[in-house]
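Have a look at the structure below, then the notes.
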Amino acid sequence: MAVDLGNLPLHVAITMDGNGRWAQNRNLPRTSGHNEGLKTAKNIVAAADELGIKYLTLYVFSTENWKRAEQEVGFLMNLIHTHLKGELDFYRKNKIKINHIGDMSALPQNIQKDIIDCMEDTKNYDRMTLNLAINYGGQNEIIRGIKKILNENQNIELNEKNFTDFLDLKGQPPVDLLIRTGGEQRLSNFLIYHVAYAEFIYTKTLWPDYKKEEFYKQIEEFQNRNRRFGAEK
C-alpha cells in the first residue's frame, strides 16, 4: 500500500451504487445485491478506520429511493434496522461515532428509534465519524436548513461558512473526496452543498465487488491530485 498516511482526505463520501445490477447479472433478486452491498459497506468502513479517515459519509437511502418497488423499499428499511441493531458492537469496538443525515421525520418510527439509539450509544467516540445518509437529498437538506433559519427567527448575516450550521453536517469539514461506484457519473442529489471543491472519482466496479484495495488506490489517486481551490498554483 502506497497511501501517504500524512496526507489523507479528512472527509470521504461514497455513493454505493450497483447493488441491483450486481444481483441481476447473477440472475438473483435485487435484495441479494443489497445484502452483499451491506457486507461491502462494513468492510469499507473498517478500511477507512484502519487508514485513519476522520469522516466517512455513505449514501444509504435517498429521498428519491421511495419511488422504488414497495417490496424493495421494505427490504431496505429492514436491512437498515437489522444493521443498526446487529453491528452496534462493531462500532463500539472501533470507537466509531454514528451520525445520521437526512430527513428523519419521514422514516418509519422503528428506524428513527434505531438511529437515535445508535447515535446516543456512540456519541462520545471520536476516532471516526460515520455519517449514514438515510432518506437524504441534497436539495431537501438545503430547504430544511432554510426553514430552520426562518422558524428560529435567526437574525444573522449568512455566508457560505455559517450556513452550514443549519445543515446536516454541522461542525464537520467539507467533503474532500467523493467516490461513486457502479459506472454512473453524476451526483444524484448527494451532498450538493458540501462537495464544492471535492475531488470526484468514478469507478465501474459495482458496489458489492468493491474491495478495500480499490479504495486504497483511490485514496492514492486523490493524493496525486493538484487541489487549487480556485487559485493558480
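The values are calculated or read from the model by the stated rules, or taken from the named source; none is laboratory data. This one's a predicted model, so the numbers in the text were calculated from it and none came from an experiment. Because the Cβ atoms are built from the backbone with ideal geometry, glycine has one as well, and the counts that use them run over all protein chains shown. Heads up: the accessible areas ignore ligands, DNA and RNA and are worked out on the full protein's heavy atoms, side chains in. Shrake-Rupley method; radii C 1.70, N 1.55, O 1.52, S 1.80 Å.
Brief remarks follow.
- For segment 75-119, the tally of residues that are open to solvent by 40 Å² or more (accessible area, probe 1.4 Å), modelled with pLDDT of 95 or more and β-branched (Val, Ile, Thr) stands at 1.
- Breaking point among (1) in contact (Cβ under 8 Å) with a residue 12 or more places away in the chain; (2) closer than 30 Å to TRP22 by Cα, for PHE229: (2)
- Checked against the criterion of being crowded, with 16+ Cβ neighbours inside 10 Å, touching a Leu at 6+ places or on another chain (Cβ under 8 Å) and within 30 Å of LEU107 (Cβ to Cβ), the candidates GLY145, GLY137 yield just one match: GLY145.
- For beta carbons closer than 7 Å, sequence separation of 6+ or different chains, a first residue in segment 31-45 that is within 14 Å of PHE215 (Cβ to Cβ) and a second that is open to solvent by 60 Å² or more (accessible area, probe 1.4 Å), the qualifying pairs are ASN43/LYS212; ILE44/LYS212.
- Within the option set TYR202, TYR216, being over 21 Å from ASP103 (Cα atoms), out of contact with any Leu (no Cβ under 6 Å at 6 or more places or on another chain), free of Cβ contacts under 8 Å to residues at least 24 places away in the same chain and hydroxyl-bearing (Ser, Thr, Tyr) holds for one residue only, TYR202.
- Residue count for segment 190-233, restricted to those that are polar (S, T, N, Q), open to solvent by 80 Å² or more (accessible area, probe 1.4 Å) and assigned to a helix (DSSP H, G or I): 0.
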